[in-house]
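The values are calculated or read from the model by the stated rules, or taken from the named source; none is laboratory data. Please read these numbers as outputs of a predicted model, since none were measured by experiment. All Cβ positions, glycine included, derive from the backbone under ideal geometry; neighbour counts span all protein chains shown. To get the accessible areas, we keep the full protein, side chains included, count just its heavy atoms, and leave off ligands, DNA and RNA. Shrake-Rupley method; radii C 1.70, N 1.55, O 1.52, S 1.80 Å.
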There are 2 protein chains.
Amino acid sequence: MNVSSIQDEAALSERQIGVLAAVLRLLVETGDRLTMAAVARAASCSKETLYKWFGDRDGLLAATVRWQAARVRVGPVDRSRLDRERLAERLEEFAINWLSVISTDTSIALNRVAIGAAAKAGAAGPGTGAADPHSLGAIVLENGRFAMGRRLKPVLEAGREAGLLAFDDAEEAFRTFFGLVARDIHIRLLLGDRIVLDPERIRGEAARAVGQFLALHGADPQTGAAGA
Amino acid sequence: MNVSSIQDEAALSERQIGVLAAVLRLLVETGDRLTMAAVARAASCSKETLYKWFGDRDGLLAATVRWQAARVRVGPVDRSRLDRERLAERLEEFAINWLSVISTDTSIALNRVAIGAAAKAGAAGPGTGAADPHSLGAIVLENGRFAMGRRLKPVLEAGREAGLLAFDDAEEAFRTFFGLVARDIHIRLLLGDRIVLDPERIRGEAARAVGQFLALHGADPQTGAAGA
DNA sequence: CTAGTACCGTACGGTACAGTACGCTGCGCT
DNA sequence: AGCGCAGCGTACTGTACCGTACGGTACTAG
């Protein structure tokens, strides 16, 4: 199906990035009613060029998702001397960043497209084994949920080494943090519920989530961890 | 757009229910590649009848979602004398039920369709005000997330009155519970990640979530609440 | 037996859109 | 100048599918 002249790490020309930006804009504006003709028009290029570059409608979508996902990266882990204050700050920063990203129009649009793609391909799967790693859903997951896990876990482990956190499994601890941050927000946004998420509110949500997480996994002098 | 000969509370005939069941089956099997012709074939009825009954493709989808959502209801709130044991049991029951539902093929398919519909209608909205209450997304939200909230909040409040729980706002407490139960599971399922959720695992997740929730909002003799 | 009703099966019109073919333009190279 | 190439714009093909129309069938009422 997907010839993909664009390999994973192939550099994108300026022009091609323009195309992807146009795709993203259209995706946000018109939902998944995205047509190749509309992309060509919006990007001032010909359909034939689109097919030459991206091989396929799916290839175009995948390239867009990959490209957008690549720009989510944020500041590196500052591993230097953790005290409780610094750790909480770091976690809050993560939470704020995460909430800011998932409430973005582009993030919502991309997640919706990926979920739609998963719906199309969902039934054919053999049941055993993980989902096709080239699917949009896998890409979004990989660059969203899992990337965040990879970035946060070192922080958690540093916190544990510094005696500030207590947990058995960093993955589990991260998932709890994830749940405390997102709660019902993500699914509501995806389903079209209009939630006001101004920076104020995001900051508040982040502070609450971090407080709760520390209440669960903060290392009290006397208590062990409460995790499963 | 949607003429909907089927009003919200109109009784569905046996035959019509058969059609909706077929829609659901096809939705699970073929993703949102659902065509009216396929439905007619699967339900052994004519397309014309489909249009007469449901007015529209959207109407058919909405009827299916409503019908399926209506069967999520579960046991009533047993308000009789709460002790800590009983409360935890009740919460676990909720969590187990919730996880069981959202990991169902049909639930996933329906959520995906609703999210896809939200994607199509997403950009046209005026921005202010809530989403169209007739949209599939709104229906799913109303019968899923919000129905669960309405059912769980009395339990939480009963727990508070019995001195077992401490929180300021039942809605906020519920959202925390929601986050602790679902964590990253729902979004991963929607995006096509294959997670094994056997009853064993579900029970474990539920127990953990309840433990964490009680750690956050359980009324210790000495401590106030930690909620925001 | 005739008329009416409710429905099945299928054929048809119309439209939207993926993917392809082709002509034309401008640019670098020799 | 002549050649090749990258790419724009557009016209074209094929297909999928929504929504409708129509003929045929079973069943009921009078």
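Could you check how many residues of the range A:19-38 are near DNA strand C (Cβ under 8 Å from one of its atoms) and more than 14 Å from chain B (Cβ to nearest Cβ)? Show your work before the answer.
Looking only at the range A:19-38, we keep the residues that are near DNA strand C (Cβ under 8 Å from one of its atoms), and these are A:33-38.
Within this subset, residues satisfying the condition of being more than 14 Å from chain B (Cβ to nearest Cβ) are A:36-37.
Residues flagged as near DNA strand C (Cβ under 8 Å from one of its atoms) and more than 14 Å from chain B (Cβ to nearest Cβ) within the range A:19-38 amount to 2.
Residue by residue through the range B:39-64, note down the ones that are more than 9 Å from DNA strand C (Cβ to nearest atom) and of a type in the set (D, E, K, R). Please lay out each step first, then the result.
Going through the range B:39-64, the residues more than 9 Å from DNA strand C (Cβ to nearest atom) turn out to be B:39, B:42, B:51, B:54-64.
Hits for the range B:39-64 are B:56, B:57, B:58.
Can residue A:113 be described as in contact with an Asp or Glu (Cβ under 6 Å, 6 or more places away or on another chain), modelled with pLDDT under 95 and away from DNA strand D (no atom under 16 Å from the Cβ)? Steps first, answer last, please.
Working: in contact with an Asp or Glu (Cβ under 6 Å, 6 or more places away or on another chain): yes; modelled with pLDDT under 95: yes; away from DNA strand D (no atom under 16 Å from the Cβ): yes.
Answer is yes for this residue.
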Item to check | Condition broken by residue A:174, with the remaining ones in (1) open to solvent by less than 10 Å² (accessible area, probe 1.4 Å); (2) in a loop (DSSP other than H, G, I, E, B) satisfied | outcome: (2)
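How many residues, within the range B:177-197, are of a type in the set (Lys, Arg) and either buried (at least 16 other Cβ atoms within 10 Å of the Cβ) or touching a residue at least 24 places away in the same chain (Cβ under 8 Å) (or both)?
Filtering the range B:177-197 for residues of a type in the set (Lys, Arg) gives B:183, B:188, B:194.
Those still in the list that are either buried (at least 16 other Cβ atoms within 10 Å of the Cβ) or touching a residue at least 24 places away in the same chain (Cβ under 8 Å) (or both) too: B:183, B:188.
Total meeting the criteria: 2.
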Checklist entry - If you go through the range B:21-59, how many residues are open to solvent by less than 60 Å² (accessible area, probe 1.4 Å), near DNA strand D (Cβ under 6 Å from one of its atoms) and acidic (Asp, Glu)? => result 1
Item to check | Matching residues, the range B:140-170, being over 17 Å from residue B:98 (Cα atoms), open to solvent by less than 60 Å² (accessible area, probe 1.4 Å) and in contact with a helix residue (DSSP H, G or I) (Cβ under 9 Å, 6 or more places away or on another chain) | outcome: B:158, B:159, B:162, B:164, B:165, B:166, B:167, B:170
Next on the checklist: Looking only at the range A:141-164, how many residues end up being assigned to a helix (DSSP H, G or I), away from every other protein chain (no Cβ under 11 Å) and aliphatic (A, V, I, L, M)?
Outcome noted: 5
